[in-house]
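No lab work stands behind these numbers, since they all come straight from the coordinates. These figures come from a predicted structure and were not determined experimentally. Cβ placement follows ideal geometry from the backbone for every residue including glycine, while neighbour counts extend to all protein chains displayed.
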Amino acid sequence: MNEKNMQNVRNVDVLIVGGGPAGLAAALRLWEKGIRNILLVEREKRLGGILRQCIHDGFGLARFGESLSGPEYAGRFTEKLEEYGIPFLTDAAVYQITPEKIVTVVTKKGLLTFQTKAVILAMGCRERTQGALAIPGERPAGVFTAGTAQAYMNLYNRMPAREVVILGSGDIGLIMARRLTLEGAHVHAVFEIQPYPSGLARNLQQCLRDYGIPLYLSHTVTEIHGSSRLEGVTVSEVDEHLRPVPGTEQYIACDTLILSAGLIPENELSLEAGVILDPRTKGAVVDEHLQTSVPGIYAAGNVLHVHDLADYVSEEAELLADAVVSGLQENDAQEEKIPIRAGEGIHHTVPQKTGGREPFLLSFRVTRPMQDVEIVVRLADQVLLRKRRKRVVPAEMLRFPIQPFLNAVQKSGEAEVESPSEYRNRAAQESPSGYRNRAAQESPSRHRNRAAQESIPENRNRTEDGMCEENSDRPAQEIVVEIRKIMPDEGFGKEVE
Amino acid sequence: MGVQEASQNKEQLSLERFDVLVIGGGVVGSAIARELCRYRLRLGVLEKNPDVCMETSGRNTGVCHGGFAYDTGSLKAKLCVEGNRMMDSLSKELDFPFRRCGKVLVGNTREDYERLLEVIAQGEKNGASNMRMIDEEELHRLIPGVIGKFAMLSGNSGILDPFQMTIALAENAVQNGARYFLEREVTGIRQTEEGYLVETSRETFRTRWVINSAGLNCAKISEMLGIRGHRVIGSKDDYILLDNRLGKDLPMPIYTVPSNTYMGIHVTITTDGNVLLGPTAQDTENLSWYGVEQKNLDFLYKAAMDLWPNFTRADYIRTYSGILPKWIDGNGKIQDFCIEIRDDIAPRAVNLVGIESPGLTASVAIARHVIRMMQERERFPGNESFDPVRHGIVRFAEQEPQVQAGLIEENPDYGQLVCRCQKVTRAELLQAVHNPLGVRTLTGLKVRTRAMMGRCQGGYCQMRLTQMLEEELKIPEKEILYSRPGSPLFFGKVREIADTGNNGTEKAEAGNAQNGNTESERGKGMDIGRMPGDKRNSMEPVPGEEAHS
């Protein structure tokens, strides 16, 4: 950077990327904790993020105890932001974040450069597209992701559909099934490739059943027809490997296909900053402070992992803000972390590692619907959490507070402190498999150079998603989160929540 | 200029007389139009689609071929080598992306090796140069992760952006006085004493010369000219486009050893850094169906994995299909390019049939060949005011930070990022909306700016793009087209809101938000918020900002 540019660098303690539910909550909490040299940057003309187009209700039940629309929910935060006078930019796009936490912002008034002490990533997520799904057939007009259709209808007053098929039972798709119906479109059906719905139970009821819209599980769209505007889709049943079953094809005439087949954390900026991503969440690998692999860069909300409820996004961002405040004050060196592994029945966890000395909120999702289960979080033989549930579904994000399990933090002066590395050495001696290597333990970093790794043909250990399977070499010391079915003779006790 | 020429009356005769009408706004038609601008002629181009480059020209790998793969002495070989040689200067003159990055043909067996030696020998006879065999070590040094024991390296091969190239040729033609008539499908051609009457889906045009550069419809137009008997079949290719994060690991296209009929699957890089898997090369009689088939997607995945296994299904951005028109003889054998003037049947009509690969590489060479043939029959006066230079849209993302700052200072629209993932600004999009050809489709904006081409495929920006088309060109929402004729995006408004003007979005949002959105009360003028330590909306840093309460 030349001298002229250096003069224009402004110092900011914390820069927040994104003014949606995560960014707003983080900004408010930082301010309330006395961190004043902060800046929130939002690419849209207005704050609120994706909440702006979510005009349905159901927001705020967990947080405010009342049902709000998306804009109303955002309003609770933006009103306070106004009241406090928290600095923010709108119509300003973060262009680049460097590993040194220098942030470049593009605005109509020029390029702005900030040297920051901490960056909070709160960019949210994007939707899986037709191309990413690689649906066979033609490429006509009339294929929209659910969020795009939602934005057209609710922000732009444009009606994109008349005769509609919805692929995927994600929550936005369900919400749009109702919204389109209310505006006079005819929604033929929702097709879900999995044998279970991916949206929340309340949306299945309120958006589909209440309107008589059928949901077909284990079905997918196998061909798109129409060279100009969509003319129809072919729908097929799928087998247990999610492959279309020949002979089950049926043609549905429609002018619009709405895709609600998954959300992907939006991490382009994070990658440029050198942040390592978890192939399962597709968000950053974080510790219990929600700090990424780049010290001083934090992440919360849907950019970290896709949430089920905006309320939990806000809460996560507040916990993150607390950690940023401590980080700014203490500026402690990175301590060693114990990895957290998603075990049997668990798709992913957040965080993916912890120092073990402070309480944190463990979030995760299950891989399939199950009944009468026990969730266990353990470190070797030490059980950190044991919970029973009558029913768990992938649509729901499970969250549990985990208490500190290593001896108290060093500065508290207590004796008998065992560092993670000491613990690991001891565990390695005691464990028959032994401590293998550091690289295996830091498994997420293996994905940094994915191309190099996957150029070895023998190592084509991919899931259908294209992501790598976990290496079977386990580090000696790790926290495992797993779920198991409770046997009838074990009873199903009072613990059930 | 452009589609504004629209006429309601089908029978209406275009009052103007043209010296030359080119049928087809693909890369070859546009190259012919552009090269004809070197002469003082009234030129028109008729294109049935709402944009140029919408069929074969835009649906391929974008590889600039070396010229070694074609029979010695053929037009394909000659014009490909000629086209390849001029590509550096052409891309500079017309401002479209081209990189002479080389390409490899990868082999594994003894037969492969011998076949590649034959290819080199043929290439040398064709006048192609800069080809040699490389061993496994050099191959793997050049392209990490490639699977193969040796390769032929063609240093003269390269990659180009077929959309930008065609648009550049067309815009340069327009800039030099040629006129593009979009959404004019030719429905009939009648010979007159002075030349031809060309009937289209809108009006009828008069011209002295006519050029059949109709690509997939070349046989149809040929028949209309009275030149019968050309048999054309399609060769359909499915492709998978991968994320442009992968491009940095692939320095040049990878091909397999060609057989006599099929070039084999390629793993290609685009000038934007995307990786392309394809093609599948299946014969087809249906020249208008661009559907991608599941079995082809599966095949491409497997075949590419055996060549360059550095991707996963999570890298898929899009799939697409293209069709090459192949001129075949009675036995189904694929023929050379057919470029002819049948003075006996259709004087002053140039008939181009079966212009398939390497038509993109050869396009300007083909154009010059066509004009040589025309000039053997009529001398055209030179056009001293011909300007061969065309400037494309200045791309914000490709500039150094200081240049970027300058761009914003000059034009604040450069400071408004509309497409996040491809980093496309409002200024670029506005230039695309007001493009010289008068194209007004959503995909027209896409190919001109890269907006919507990234991994969200317009999930974030497409609403802004359609809004710009509506507002800038005053097009009602029902007439906004996605891509092809008859591809509207909207059925109307959700609700009629009184007094929306050009500001429907804001009103709709305020209405939908009920009383919840405090932002809507802040007013439109508030496009920049507050800086830290600043109460006055000023962008100037305030001294001692740390001390701010």
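Given a Förster radius of 41 Å and the C-beta distance between B:E114 and B:Q294 as r, what FRET efficiency does 1/(1 + (r/R0)^6) yield to the nearest 0.05?
It comes to 0.70.
Please tell me the relative contact order of chain B in percent, rounded to the nearest whole number, where contacts are Cα pairs under 8 Å and at least six residues apart.
Worked out over chain B, it gives 17 percent.
Over region A:35-100, what is the relative contact order in percent, taking alpha-carbon pairs closer than 8 angstrom and at least six residues apart?
45 percent
Figure the gain on full extension for B:D343 and B:K149 (residue separation times 0.36 nm, minus the Cα-Cα span) and round it to one decimal in nm.
64.6 nm
Please compute the average number of Cβ atoms from other chains found within 10 Å of each residue's Cβ in peptide B:418-428.
Rounded to a whole number, the mean comes out at 2.
Could you work out how much longer the chain between B:T72 and B:I334 gets when fully extended? Use 0.36 nm per residue separation minus the Cα distance between them, nm to one decimal. Kindly include the intermediate steps, with their values, before the conclusion.
Values: separation 262, 0.36 × 262 = 94.32 nm, distance 1.49 nm.
Contour length minus Cα-Cα distance gives 92.8 nm.
May I ask you to order B:392-402, B:86-96 by the average number of other C-beta atoms within 10 Å around their residues, highest value first?
Highest-to-lowest ranking by the protection proxy: B:86-96, B:392-402.
Based on the mean of other beta carbon atoms within 10 Å per residue, what is the order of A:351-363, B:265-277, A:54-66, most packed first?
Highest-to-lowest ranking by the protection proxy: B:265-277, A:351-363, A:54-66.
Compute the FRET efficiency between B:R377 and B:T192 as 1/(1 + (r/R0)^6), taking r as their Cβ-Cβ distance and R0 = 25 Å, and round to the nearest 0.05.
FRET efficiency, B:R377 to B:T192: 0.90.
Just check region B:179-234 against the gyration tensor rule for me: Cα atoms, a ≥ b ≥ c as the square roots of the eigenvalues, rounded for a/c under 1.5, and otherwise prolate or oblate depending on whether a/b exceeds b/c. If you can, show how the numbers build up before the last one.
Values: a/c = 2.14, a/b = 1.29, b/c = 1.66.
Oblate, because a/c is 1.5 or more while a/b does not exceed b/c.
Could you tell me which residue out of B:G278, B:G330, B:Q416 lies farthest along the dipole of chain B toward its positive end? Charges go on the beta carbon: Lys and Arg +1, Asp and Glu -1, centred on the Cα centre.
B:G330
Quick one: check the C-alpha center-to-center distance for region B:280-309 versus region B:79-150, whole angstrom.
Spelled out, the Cα-based centre of one part sits 23 Å from the other.
Multiply the residue gap between A:R202 and A:R162 by 0.36 nm, knock off their C-alpha separation, and tell me the result in nm, one decimal place.
Gain on stretching A:R202 to A:R162: 11.9 nm.
Give the calculated FRET efficiency between B:E409 and B:K474 to the nearest 0.05, with a Förster radius of 30 Å applied to their Cβ-Cβ distance. Mind dumping the intermediate values first?
Details: r = 30 Å, r/R0 = 0.99.
After rounding to 0.05, the efficiency reads 0.50.
With label points built 7 Å along Cα→Cβ from the Cα atoms of A:E82 and B:S201, find their separation and express it in nm.
Going by the 7 Å Cα→Cβ label model, 5.1 nm.
Report, ordered by chain and residue number, the lysines lying within cross-link reach of A:K337, taken as a straight Cα distance under 29 Å and ignoring same-chain residues fewer than 8 apart.
Filter leaves A:K33, A:K101, A:K117, A:K282, A:K353, A:K387, A:K411.
If packing is taken as the average count of other Cβ atoms within 10 Å, what order do B:300-312, A:20-32 fall into, highest mean first?
Highest-to-lowest ranking by the protection proxy: A:20-32, B:300-312.
Return the whole-Å distance between the Cα centroid of region B:28-63 and the Cα centroid of region B:385-453.
22 Å
A:R126's amide H: which non-local residues (gap 5+, or another chain) put their own amide H closer than 5 Å, with H modeled 1.01 Å from N in plane and none for Pro or chain starts?
Amide H neighbours of A:R126, under 5 Å, 5+ apart: A:I264, A:E266.
Using only atoms on other chains, find how many Cβ atoms lie within 10 Å of each Cβ of peptide B:185-192 and report the average.
Shielding by partners across B:185-192 averages 0.
Would you mind giving the mean number of other chain beta-carbons within 10 Å of the Cβ of each residue in A:64-77, as a whole number?
Details: counts 0, 0, 0, 0, 2, 6, 4, 11, 5, 1, 5, 8, 2, 1.
Per residue, the number of nearby Cβ atoms from other chains is 3 on average.
Scanning chain B for helices, which whole DSSP H stretches are 18 Å or more long along the axis (Cα) and average -0.5 or more by Kyte-Doolittle? List each step's numbers first, then the result.
Numbers: long enough: B:75-94 (25 Å, -0.24); B:110-126 (24 Å, -1.24); B:162-175 (19 Å, 0.45); B:359-375 (23 Å, 0.75).
Those that pass (Cα extent of 18 Å or more, hydropathy at least -0.5) are B:75-94, B:162-175, B:359-375.
Kindly identify region A:129-261 as rounded, prolate or oblate by the Cα gyration tensor criterion: order the square roots of the eigenvalues as a ≥ b ≥ c, call it rounded if a/c is under 1.5, otherwise compare a/b with b/c, prolate if a/b is larger, else oblate.
Oblate is the answer for region A:129-261, as a/c is 1.5 or above yet b/c matches or exceeds a/b.
Given contacts defined as C-alpha pairs under 8 Å and at least six residues apart, what's the relative contact order of region A:129-261, whole-number percent?
For region A:129-261, the relative contact order is 33 percent.
For a test of the definition: using alpha carbon positions, the gyration tensor, and the 1.5 limit on a/c, classify chain B as rounded, prolate or oblate.
Oblate shape, in that a/c is at least 1.5 and b/c is the bigger or equal ratio.
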